[in-house]
Amino acid sequence: MHTLVFATQKGGCGKSTLAAGIALAAQHAGHLVRLIDTDPQATLSNWQSRRLAHDVVVDSVHEAGEIEPELRKLRREGTDLAIIDTSAGMNAATRTAILCADLCLLPTRPSIADLESTVTTLRVVRAARRPFAFILNQASIRGERGNLAASALSREAEHELAEIVALPFIASRNDHQDALAAGLTAVEYAPDGKAADEIRRLWEWIEARLQSRLEQSAPTDALNDDTDVPWDSCL
Ligand SMILES: Nc1ncnc2c1ncn2[C@@H]1O[C@H](COP(=O)(O)OP(=O)(O)O)[C@@H](O)[C@H]1O
Ligand SMILES: [Mg+2]
């Protein structure tokens with residue numbers, strides 16, 4: 001089982017929207033997916049209650065100590081992709097989720113305030129030594145802002161851009177908002193639309209990234225990893 005964690009300090013960057021979108025894209029690609037909502041605002045849990053289909057289960061888990069048992073349960077049940085959506089800010093539940101991640105996904109809008117706010121999350125992800133990638137979300141369709149933001153993120157993270165900025169950039173499109181309101185995601189709401197196409201390609205990028213990590217080294221099982229994480233350095 002792989003675990004993806006959507007995390008960023010700032011609210012409104014698209015964590016919940018992308019977590020649901022990627023869950024459905026992965027499910028359509030044949031994976032058995034479960035969502036874990038650790039955000040007291042309950043965006044995903046509310047979204048699920050608007051869904052007519054009961055195909056994707058969202059489990060609410062708010063205590064940090066419940067995350068690992070929940071992941072173990074999902075693994076036992078045969079889930080092959082667990083996606084954890086976290087709240088804005090940084091708290092114990094988000095830190096624990098990050099520790100359990102095979103890949104941390106940090107959505108950010110391509111604006112200076114959003115880019116700056118990725119620093120805190122990045123610091124925690126790095127202290128936990130988890131693989132990560134930024135997702136540029138709500139990008140403008142025209143102009144260079146997305147590319148400039150991607151370069152800035154790559155400099156900030158001191159990594160090759162191709163390694164840590166997921167592709168494609170996700171444009172700002174009404175389909176995401178309309179889909180969420182209807183208890184759907186873009187890939188279900190308008191399967192032939194551009195928003196759906198971007199989300200499917202984003203899932204392919206994420207899947208390839210998870211795969212390349214598997215090929216590079218035996219996967220670290222975060223749940224059995226007793227690495228001492230220097231949390232003090234993240235505060
Ligand atoms: N790519 C996008 N295009 C248009 N609206 C988006 C996009 N991504 C997110 N949104 C909207 O932005 C708002 C905040 O997104 P949300 O996923 O709730 O962010 P977060 O979980 O990070 O707080 C929601 O209304 C959502 O529908
Ligand atoms: Mg959210």
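The values are calculated or read from the model by the stated rules, or taken from the named source; none is laboratory data. Keep in mind it's a predicted model, so treat the numbers as computed, not measured. Cβ placement follows ideal geometry from the backbone for every residue including glycine, while neighbour counts extend to all protein chains displayed.
Tell me which residues, restricted to the range 82-102, are more than 16 Å from ligand 1 (Cβ to nearest atom) and touching a Ser or Thr at 6+ places or on another chain (Cβ under 8 Å). Please lay out each step first, then the result.
Narrowing the range 82-102 to residues more than 16 Å from ligand 1 (Cβ to nearest atom): 82, 92, 95-96, 99-102.
Result: 82, 100, 101, 102.
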Counting only residues in the range 189-229 that are at pLDDT 95 or above, of a type outside the set (Asp, Glu) and over 19 Å from the mean Cα position of the chain (by Cα), the one surrounded by the fewest Cβ atoms within 10 Å (Cβ to Cβ) is identified as 191
Which listed residue is closer than 23 Å to residue 213 by Cα, out of contact with any Leu (no Cβ under 7 Å at 6 or more places or on another chain), within 11 Å of ligand 1 (Cβ to nearest atom) and not β-branched (Val, Ile, Thr), from 15, 10: 15
Given (1) under 13 Å from the mean Cα position of the chain (by Cα); (2) among the aliphatic types (A, V, I, L, M); (3) surrounded by fewer than 24 Cβ atoms within 10 Å (Cβ to Cβ), where does residue 98 come up short, assuming only one miss? (3)
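Okay, residues lined up against (1) over 24 Å from residue 113 (Cα atoms); (2) touching a residue at least 60 places away in the same chain (Cβ under 8 Å); (3) of a type in the set (Ser, Thr, Tyr); (4) assigned to a helix (DSSP H, G or I):
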| residue | (1), (2), (3), (4) |
| --- | --- |
| 153 | no, no, no, yes |
| 167 | no, no, no, no |
| 178 | yes, no, no, yes |
| 183 | yes, yes, no, no |
| 192 | yes, no, no, no |
| 201 | yes, no, no, yes |
| 206 | yes, yes, no, yes |
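So which helices (runs of 4 or more DSSP H) are wholly in the range 55-141 and hold at least 3 residues that are within 27 Å of residue 167 (Cα to Cα) and free of Cβ contacts under 8 Å to residues at least 60 places away in the same chain?
On the way: elements: 64-76, 92-99, 112-127.
Where helices (runs of 4 or more DSSP H) fall fully within the range 55-141 and carry at least 3 residues being within 27 Å of residue 167 (Cα to Cα) and free of Cβ contacts under 8 Å to residues at least 60 places away in the same chain, they are 112-127.
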In the range 110-126, is there at least one residue being closer than 20 Å to residue 186 by Cα and within 16 Å of ligand 2 (Cβ to nearest atom)? no
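With respect to residue 113, is the statement that it is more than 16 Å from ligand 1 (Cβ to nearest atom), aliphatic (A, V, I, L, M), surrounded by fewer than 20 Cβ atoms within 10 Å (Cβ to Cβ) and more than 17 Å from the chain's Cα centre (by Cα) true? Quick ask: steps written out before the conclusion?
Working: more than 16 Å from ligand 1 (Cβ to nearest atom): no; aliphatic (A, V, I, L, M): yes; surrounded by fewer than 20 Cβ atoms within 10 Å (Cβ to Cβ): yes; more than 17 Å from the chain's Cα centre (by Cα): yes.
No, not satisfied.
Regarding residue 108, is this residue of a type outside the set (Asp, Glu) and over 30 Å from residue 144 (Cβ atoms)?
On the way: of a type outside the set (Asp, Glu): yes; over 30 Å from residue 144 (Cβ atoms): no.
Spelling it out, it is not the case that residue 108 is of a type outside the set (Asp, Glu) and over 30 Å from residue 144 (Cβ atoms).
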